[in-house]
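K.L.:
Below is a structure I'd like to ask you about.
Read-outs throughout are calculated quantities, based only on the coordinates presented, and are distinct from any laboratory measurement. The structure displayed is predicted, hence computed values, not measured ones. Glycine also receives a Cβ, built like all others from the backbone with ideal geometry; neighbour counts cover every protein chain displayed.
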Amino acid sequence: MNIAGWQWLILLLILLLLFGATKLPKLARSLGESARIFKSEVKTMQDKDQDEGATDAEPSAVEGKVIDPTADVHESRERRDYS
């Protein structure tokens, strides 16, 4: 779905009618500031990831237990009859 030039013009005219001429520059300014803040936060996150990647050249090992799936896990519990 591509928007042609005349469709942009109609869209801008509708926005002008909805928000008014005084609010559109404020809206555009706040949208630009939000985009700059988002861009700087993404860059900061990428820099942190690169810094952490440089210090952790080798991933740390995970310690775990191997559990026998055929083992009786309830053998220590005694059977109780509640009759």
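K.L.:
Label residue 24 and residue 12 with points 7 Å out from Cα along Cα→Cβ: what is the distance between them in nm?
P.N.:
About 0.7 nm separates the two model spin labels.
K.L.:
Rounded, prolate or oblate for segment 1-55? Axes are the square roots of the Cα gyration tensor eigenvalues, ordered a ≥ b ≥ c, and the cut-off for rounded is a/c under 1.5.
P.N.:
oblate
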